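Each remark here refers to the structure printed beneath this line.
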Amino acid sequence: MNLLLDTHAQIWAAFSLPKLSVRAAALIADQGNRKFFSAASIWEISIKARLGRADFRVDAIALRDGLLANGYAELYVTSAHAIAAARLSFAHKDPFDRMLLAQAVGEKLTLLTADAALIAFGPPVLAI
């Protein structure tokens, strides 16, 4: 399975936080699964950390380096992803979450998230 972790899932996985479900931890640990993180998530962390959001107190550079060192592949944001995010007939207003969903759909990845609004979209979103 090809997994794209949403921004919070990346943070939880990187720091082994208990918010990550047992199921999600097993999927992430499974060596048969390919794991991806989006450049959009690193951008989101950088912006929201600078704004002082408590749930984003993360060094984006260290997180990116750690993800790469642990076998995650970086998924770049392309103009095709941007167009797809704008065309989603999905009510989620967060542009970062819209981008992650567009990337998951376009790249045929399973998006791991705890975000109820994303989960409501259905496949390829998987609740963690």
*Residues of the range 1-20 being at pLDDT 90 or above and of a type in the set (S, T, N, Q), which ones?*
ASN2, THR7, GLN10
_Quick test of your reading of the structure: THR110 fulfils all but one of (1) free of Cβ contacts under 8 Å to residues at least 60 places away in the same chain; (2) of a type in the set (S, T, N, Q); (3) in contact with a Pro (Cβ under 9 Å, 6 or more places away or on another chain). Name the failing condition by number._
(1)
*Which of the residues belonging to the range 50-69 are more than 26 Å from ALA85 (Cβ to Cβ) and either surrounded by 13 or more Cβ atoms within 10 Å (Cβ to Cβ) or in contact (Cβ under 8 Å) with a residue 24 or more places away in the chain (or both)?*
GLY66
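Name the residue, out of ILE83, ILE47, that is more than 13 Å from HIS8 (Cα to Cα), over 13 Å from the mean Cα position of the chain (by Cα), of a type outside the set (D, E, K, R) and loosely packed, with under 12 Cβ neighbours inside 10 Å.
ILE83
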*Does the range 32-40 contain at least one residue that is in a helix (DSSP H, G or I), farther than 20 Å from SER16 by Cβ, aliphatic (A, V, I, L, M) and in contact with a helix residue (DSSP H, G or I) (Cβ under 7 Å, 6 or more places away or on another chain)?*
yes
_I'd like the full set of residues that are among the small types (Gly, Ala, Ser) and either under 19 Å from ILE42 (Cβ atoms) or at pLDDT 95 or above (or both), limited to the range 85-110._
ALA85, ALA102, ALA104, GLY106
*Would you please name the residue that is farthest from ALA127 (Cα to Cα), looking only at residues in the range 12-26 that are assigned to a helix (DSSP H, G or I) and out of contact with any Lys or Arg (no Cβ under 9 Å at 6 or more places or on another chain)?*
ALA14
*Scan the range 16-44 residue by residue and report those that are touching a residue at least 24 places away in the same chain (Cβ under 8 Å), more than 12 Å from the chain's Cα centre (by Cα) and surrounded by 13 or more Cβ atoms within 10 Å (Cβ to Cβ).*
LYS19, LEU20, SER21, ALA24, LEU27, ILE28, ASN33, ARG34
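The values are calculated or read from the model by the stated rules, or taken from the named source; none is laboratory data. Please read these numbers as outputs of a predicted model, since none were measured by experiment. As a convention, Cβ positions derive from the backbone with ideal geometry for all residues, glycine included, and neighbour counts pool all protein chains shown.
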